[in-house]
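Below is one structure; the comments refer to it alone.
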Amino acid sequence: MANDLKPVYLITGGDRPKIQRALRRLRDRVGEEATELLSASDTSGDDAVAACNSLGLLGGVGRLVVVEEVDRWKAADAKAVAAYLASPAPDTVLALVAAEMKKDSALAKACAKVGDVLVYDVVKRRLPEWVAQQFADRKVAIDAEAARLLIEIVGEDPEELASEVDKIATWAGGEPVGTKEIELLAAGCAEVPGYELTDAWGRRDLRGSLNACQTLLERSGDPVSRTVPMLVGMLVAHVGRVRDCQAFADEGLTPREAASRLKRHPFYVEKLFAQARNYTPDELRSAVVRLAELDHAVKGGSRLAVDLELERALIEITRPREAATAA
């Protein structure tokens, strides 16, 4: 084992891809054959200590014991590891991994005394920059709008984002990535990613709404009878959030302040605020009522095909004001 490795590393935070890279570096230094992978879900602190001591007795070439999910451990487990770290086994590295660990916890303090505490977190408001850096690490450039769109589609989980970055960067082959590529390649975590539909509705683009609706029905892979209710539920939730943002704007809140209340990414809430400006309060109330009628229709309240009921409702809640007035 290299002399500069420490007896223990506590690796914690929400940036799972960076944590995995840190573990990979340790495993590369020590060697796969000398690495033991454990989980705190079925490994106690005493078990981890026993693994370190037994491996250490094999001697000489260096050993690595990795224990995941140590935030599950209780006080007795932390005490056992702290006692071990007072006199750790030679040529053995203990790597403890936690999603979250307070710096003043007993385990963190014990690790800091003889090893390193490595915190890899992603600041939510800087997530687009993190996405851009993930692409840069793979020698691919991405513009800021495309990075924000990827977050909107995939969500804020770094591991899921990193997986999408890997896929898209491989496809790009070193070429720059923009919103068009993200729209084409990114996979939402929901069964039916519907941002194309909600965006078109928000800008009162009737043709775009109908086209997006048809595309989503074709892409789903599920029967229309199952997909339409999912799309209805998505529209109900989205229109509700737009109404909330309209009310927040009337209160004088900024999109960032509203994002904190909604627990949503600021980029997404800024989009909601923009959409709220395209509809009057009466129109949004009418849209909620119409979507409730649609929900009843697709659940057996109408003899028409459910996709036709959806298209009819979309026309009514999306068409420009002048068209709605003239009807």
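The values are calculated or read from the model by the stated rules, or taken from the named source; none is laboratory data. Computed from a predicted structure; not experimentally measured. We place every Cβ from the backbone using ideal geometry, glycine too, and count neighbours over all the protein chains shown. Protein only, heavy atoms only, side chains kept; ligands, DNA and RNA dropped before computing areas. Shrake-Rupley method; radii C 1.70, N 1.55, O 1.52, S 1.80 Å.
Data table
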| read-out | value |
| --- | --- |
| Condition broken by Asn211, with the remaining ones in (1) closer than 30 Å to Ala162 by Cβ; (2) open to solvent by 30 Å² or more (accessible area, probe 1.4 Å) satisfied | (1) |
| Condition met for Glu257 (open to solvent by 60 Å² or more (accessible area, probe 1.4 Å), part of a helix (DSSP H, G or I) and closer than 28 Å to Arg148 by Cβ) | yes |
| For Ala48: the one exception among (1) buried (at least 19 other Cβ atoms within 10 Å of the Cβ); (2) without any contact (Cβ under 8 Å) to a residue 12 or more places away in the chain | (2) |
| Tally, over the stretch 6-44, of residues that are part of a helix (DSSP H, G or I), touching a strand residue (DSSP E or B) at 6+ places or on another chain (Cβ under 7 Å) and over 22 Å from Asp157 (Cα atoms) | 4 |
| Neighbours by Cβ (under 8 Å, 6+ apart or cross-chain): first from the stretch 202-224, part of a loop (DSSP other than H, G, I, E, B); second at pLDDT 90 or above and of a type outside the set (Val, Ile, Thr) | Arg203/Gln275; Arg203/Asn278; Arg204/Asn278; Arg204/Tyr279 |
| Qualifying residues in the stretch 234-254 (those that are in a helix (DSSP H, G or I) and without any contact (Cβ under 8 Å) to a residue 12 or more places away in the chain) - the one nearest to Thr318 (Cα to Cα) | Ala237 |
| Helices (runs of 4 or more DSSP H) lying entirely in the stretch 63-174 (those with 3 or more residues that are in contact (Cβ under 8 Å) with a residue 24 or more places away in the chain and open to solvent by 40 Å² or more (accessible area, probe 1.4 Å)) | 75-85, 106-114, 144-154, 158-172 |
| Candidates Tyr279, Tyr268 - the one that is modelled with pLDDT of 95 or more and surrounded by 14 or more Cβ atoms within 10 Å (Cβ to Cβ) | Tyr279 |
| Enumeration of residues in the stretch 115-164 that are under 16 Å from Ile19 (Cβ atoms), at pLDDT 90 or above and within 15 Å of the chain's Cα centre (by Cα) | Trp130, Gln134 |
| For Gly240: the one exception among (1) over 24 Å from the mean Cα position of the chain (by Cα); (2) modelled with pLDDT of 90 or more; (3) surrounded by fewer than 17 Cβ atoms within 10 Å (Cβ to Cβ) | (1) |
| Of residues in the stretch 283-296 being out of contact with any Lys or Arg (no Cβ under 9 Å at 6 or more places or on another chain) and free of Cβ contacts under 8 Å to residues at least 60 places away in the same chain, the one least open to solvent (accessible area, probe 1.4 Å) | Leu291 |
| Hits in the stretch 302-312 (condition: assigned to a helix (DSSP H, G or I) and either open to solvent by 40 Å² or more (accessible area, probe 1.4 Å) or at pLDDT below 90 (or both)) | Asp307, Leu308, Glu311, Arg312 |
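Here's the yes/no breakdown for (1) of a type in the set (Gly, Ala, Ser); (2) farther than 30 Å from Leu127 by Cα; (3) more than 24 Å from the chain's Cα centre (by Cα):
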{"residue": "Leu26", "(1), (2), (3)": "no, no, yes"}
{"residue": "Ser39", "(1), (2), (3)": "yes, no, no"}
{"residue": "Asp46", "(1), (2), (3)": "no, yes, yes"}
{"residue": "Ala75", "(1), (2), (3)": "yes, yes, yes"}
{"residue": "Ala83", "(1), (2), (3)": "yes, yes, yes"}
{"residue": "Asp91", "(1), (2), (3)": "no, yes, yes"}
